[in-house]
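Comments concern the structure below.
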Amino acid sequence: MPLRLACQAMGTRFELVLTGQHEDQLRAVGELALEEIQIAHRRWNAFASDSMVAHLARCAGGPGVKVDPETFELLHLCVEVAKNSHGFFNPLLGPLLRQLGLRDDIPEETTTPLTTLIDVKGISLDPDSCSVGLARAGMELDLGAIAKGAALDLAAQVLIEEGVNCALMHGGTSTALALDPPPGKDAWQVAIGTDEHAPQALLANTALSVSAAHSRHGSPIASSSATGQEHQPRNRHSHILDPHQACGTRHLLAAAVVGPSAAACDAWSTALVAGCRPTDVPADLSLLTQPSPDSWLLSPGRPNCFRIEPCIPATPPPTAAPF
Amino acid sequence: MHPSNPSPDRRTILMAGAGGAATQILPDFLAARPYLGADLRVGLVGVGRQGRAMLVELGKFDEVTLVAYCDTDERRLRSASRRARGAQGYATQESMLAAHPDLDALLIATPTHLHREPCEEGLAAEKHIYCESPLAHTLADCRAITAAASSAGKVFQTGYQGRANPVYALARSFVRSGAIRDVVSLAAQSNQKNSWRTPSSDPAREKALNWRLDPEVSLGLPGELGAQQFDVLHWFTSKYPVRVEASGAVLAWRDGRKIPDTVHAKMTYKDGSQLDWSATLGNTYNGTQELLMGTMGTVRLAWSHGWLFKESDAPTQGWEVYANRQQFHNDEGITLIADATKLASQGKLKKGVGLPHPGLYYGLESFFQSIAKGSEVICSAEEGLRATAIAIKVQAALSTGMPQDIDESDLTSK
């Protein structure tokens, strides 16, 4: 019987499904993994004034702040994805979200133009001192499009270190990470969406992240725009932003990315929905995109980790009838 | 703000009020990097839960290098290597010290009942020691550690973190300057949902790794959760209870354990006031917090935040007009922010301010400052002994079902 454990973090619910022989042992390991997720939450939650991310925002414009190696690595990945996606993934969108009315907290008073505040070049990373700096006062990190995945990656490391190899985890249903599949199966099957013919991702020692421009109530394809949000966006139909247009995205309806790192999948699925070209996504990631409500496209030349059911046949056009 | 600071600065409070939504309690934590003025080389003894937490925090100090760590558990050593880059792992403290005789300090994060030996060894090797709380599981071990610490002439800090917590330091200055007047009641709770089991794939290691559930060596919830809070309340009030009653049961995790997962204790002070303390591993509601209720107000502490609730007949102090407030059902809390003047001048109060680091960070920072700058040790071995002794008494009341009297001699190192 699989054991399920859950916790609240990053404004959503994380859940683990673990299989193994001894329930007490599984629970103990699972609790350790949940603890890891909570530690990630405390560091990377932009909405809590006592998080490391909030501290970095307070110190923006000043000298770099020394951070723990995992925060440093995460920010390094942010900068890398931002660069390779040509800015469609952007971890500095807090001021823009606020300007668009998607965040209710009070902005820093600054005369710095918005374009400067959200310019990823303003993030400086010093690997020697493991420190991070934000160039201008008013800049702030919002890791909502990557932190859930990063937390799952850390939790998975704990499970593996403690000898639990058969597990499925998700954060807010939009990002999942699978270890070995359940006994007798080739993969964990995860539906992308709730309707009967939703595509499925087949996961074994891989992660999946799904982002959607239009979040659907009850749908598992709602990628959150912000970690630990206390305030729901007022406009739920544009919660992923196109940083270049400074508005809600009008590109893909949804994008699913499968790959070894949940953090990278999380970031790249957001970048795709925001407008990034699939060709900019690293070749080892498997992509599935939804340009219109009835179609899903598999990106060619990549590993395929998806199963797409036949589409519902369109209703045949009425035959001409005599008057 | 330094704990010895007798009262909060009026202007500080005023500015705090002018800026934010509720007065939160915070001091001089805004420096991006703490400056010690000396390079310190440290070793970590024990890389279980607490040791791993230390690894995260150590990474934030520019001038502190974690040179080596040790643990008797091979899997933990492997796991620690992820967060202890550049440091070397050893199976024993002895081998670690032999390989790195030039370490300045040791951080002891072994199980509570295994604190004595590494502390004594470390002090004998002339290392400064930070020992996690509680100090030990018996009064005899506490006294042995205290004796070793007092004769070694090195910095020894017990890991009671409330004393290093900037929020708590400011709240304490309020309480001690009479903001809530006469304390009539104390309460504290520590609620979490966790089985307290430690994973072990090796049955031979099961008992050792799950020492918190072993009645022979564990101080249970009073020791592992309560002692921190008992220390905070003593630090605020300068008084210790003279009698304790306690009851508990296994209510959440019926897996054959003997250590209660839910505990209630009532402690009585000489003046007749009482502390109600409870803890559970079966529910997270309201988490960990302490309440000090006085005739003119209540201070509520929740580690990263603190609030002052004033009685209606409490004298007005001017600054309150500007104070930010937070509503808790029918009560309005004033959130207190130390260093608020500086924050306000930087326009950083509007968003509210919380501690950017966990309590452990401030405990370690204070320890390093004591070594590097000779600043006063915030929680000596003697102070650590006192809070630990209370926890030992609560655990005794719990395990015997009998009230325990606490004599002053129970709280001394002799």
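Below, the figures for the structure above:
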{"quantity": "Pick from the range B:223-270, criterion acidic (Asp, Glu) and at pLDDT 95 or above, ranking: farthest from residue B:184 (Cα to Cα)", "calculated": "B:261"}
{"quantity": "Count - residues of the range A:270-286 that are out of contact with any Lys or Arg (no Cβ under 6 Å at 6 or more places or on another chain) and assigned to a strand (DSSP E or B)", "calculated": "0"}
{"quantity": "Residue within the range A:31-48 that is under 26 Å from residue B:86 (Cβ atoms), part of a helix (DSSP H, G or I), under 16 Å from the mean Cα position of the chain (by Cα) and more than 9 Å from every other protein chain (Cβ to nearest Cβ) present", "calculated": "yes"}
{"quantity": "Residue within the range B:385-394 that is farther than 28 Å from residue B:57 by Cβ and in a helix (DSSP H, G or I) present", "calculated": "yes"}
{"quantity": "Enumeration of residues in the range A:49-72 that are small (Gly, Ala, Ser), open to solvent by 20 Å² or more (accessible area, probe 1.4 Å) and either assigned to a helix (DSSP H, G or I) or more than 9 Å from every other protein chain (Cβ to nearest Cβ) (or both)", "calculated": "A:61"}
{"quantity": "Of all residues making up the range B:59-113, the number that are polar (S, T, N, Q) and within 14 Å of another protein chain (Cβ to nearest Cβ)", "calculated": "3"}
{"quantity": "Candidates B:148, B:136, filtered to the one that is outside any loop (DSSP other than H, G, I, E, B) and aliphatic (A, V, I, L, M)", "calculated": "B:148"}
{"quantity": "Single match in A:175, A:194 (criterion: open to solvent by 10 Å² or more (accessible area, probe 1.4 Å) and among the hydroxyl-bearing types (Ser, Thr, Tyr))", "calculated": "A:194"}
{"quantity": "Hey, residue A:122 over 23 Å from the mean Cα position of the chain (by Cα), in contact (Cβ under 8 Å) with a residue 24 or more places away in the chain and farther than 15 Å from residue B:60 by Cα or not", "calculated": "no"}
{"quantity": "Which listed residue, of B:246, B:208, B:204, B:265, is under 20 Å from the mean Cα position of the chain (by Cα) and either of a type in the set (Gly, Ala, Ser) or within 14 Å of chain A (Cβ to nearest Cβ) (or both)", "calculated": "B:265"}
{"quantity": "Total residues in the range A:193-207, condition within 17 Å of the chain's Cα centre (by Cα) and in a strand (DSSP E or B)", "calculated": "3"}
{"quantity": "Filter result (assigned to a helix (DSSP H, G or I) and open to solvent by less than 20 Å² (accessible area, probe 1.4 Å)) within the range B:214-234", "calculated": "B:220, B:221, B:222, B:223, B:226, B:227, B:229, B:230, B:231, B:232, B:233"}
{"quantity": "So residue B:242, is it open to solvent by less than 20 Å² (accessible area, probe 1.4 Å), touching a residue at least 40 places away in the same chain (Cβ under 8 Å) and on the phi < 0 side of the Ramachandran plot", "calculated": "no"}
{"quantity": "Among (1) open to solvent by less than 60 Å² (accessible area, probe 1.4 Å); (2) on the phi < 0 side of the Ramachandran plot; (3) touching a residue at least 60 places away in the same chain (Cβ under 8 Å); (4) not basic (Lys, Arg) - the single one residue B:284 does not satisfy", "calculated": "(1)"}
{"quantity": "Whichever residue in the range B:125-171 is basic (Lys, Arg) and under 17 Å from residue B:375 (Cβ atoms) and, among such residues, is least open to solvent (accessible area, probe 1.4 Å)", "calculated": "B:163"}
{"quantity": "Where residue B:369 falls short, out of the listed (1) touching a Pro at 6+ places or on another chain (Cβ under 9 Å); (2) at pLDDT below 90", "calculated": "(2)"}
{"quantity": "Matching option when the condition is within 30 Å of residue A:200 (Cβ to Cβ), more than 14 Å from chain B (Cβ to nearest Cβ) and more than 22 Å from the chain's Cα centre (by Cα), among A:184, A:172, A:144", "calculated": "A:184"}
{"quantity": "Some residue of the range B:156-163 being over 20 Å from the mean Cα position of the chain (by Cα) and either closer than 21 Å to residue B:361 by Cα or of a type in the set (A, V, I, L, M, F, W, C) (or both)", "calculated": "no"}
{"quantity": "Evaluation of residue B:414 against (1) farther than 27 Å from residue B:215 by Cβ; (2) part of a helix (DSSP H, G or I); (3) open to solvent by 30 Å² or more (accessible area, probe 1.4 Å); (4) not polar (S, T, N, Q) (one fails), failing number", "calculated": "(2)"}
{"quantity": "Residue in the range A:73-91 that is without any contact (Cβ under 8 Å) to a residue 60 or more places away in the chain, more than 10 Å from chain B (Cβ to nearest Cβ) and buried (at least 23 other Cβ atoms within 10 Å of the Cβ) present", "calculated": "yes"}
{"quantity": "Output for the range B:37-92, where each listed residue is in contact (Cβ under 8 Å) with a residue 40 or more places away in the chain, surrounded by fewer than 19 Cβ atoms within 10 Å (Cβ to Cβ), in contact with a strand residue (DSSP E or B) (Cβ under 7 Å, 6 or more places away or on another chain) and in a loop (DSSP other than H, G, I, E, B)", "calculated": "B:63"}
{"quantity": "Odd one out for residue B:119, checked against (1) closer than 28 Å to residue B:394 by Cβ; (2) more than 19 Å from the chain's Cα centre (by Cα)", "calculated": "(2)"}
{"quantity": "Those residues of the range B:195-209 which are assigned to a loop (DSSP other than H, G, I, E, B), out of contact with any Lys or Arg (no Cβ under 6 Å at 6 or more places or on another chain) and open to solvent by less than 20 Å² (accessible area, probe 1.4 Å), in sequence order", "calculated": "B:198, B:199, B:200"}
{"quantity": "Residue in the range A:1-20 that is under 30 Å from residue B:196 (Cα atoms), among the charged types (D, E, K, R), assigned to a strand (DSSP E or B) and open to solvent by 40 Å² or more (accessible area, probe 1.4 Å) present", "calculated": "yes"}
{"quantity": "Total residues in the range A:114-132, condition buried (at least 19 other Cβ atoms within 10 Å of the Cβ) and within 14 Å of chain B (Cβ to nearest Cβ)", "calculated": "3"}
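The values are calculated or read from the model by the stated rules, or taken from the named source; none is laboratory data. As the structure is a prediction and not an experimental result, all values here were calculated from the model. With ideal geometry, Cβ positions are generated from the backbone for all residues, glycine too; neighbour counts draw on all protein chains shown. What goes into the accessible areas is simple: the full protein's heavy atoms, side chains included, and nothing from ligands, DNA or RNA. Shrake-Rupley method; radii C 1.70, N 1.55, O 1.52, S 1.80 Å.
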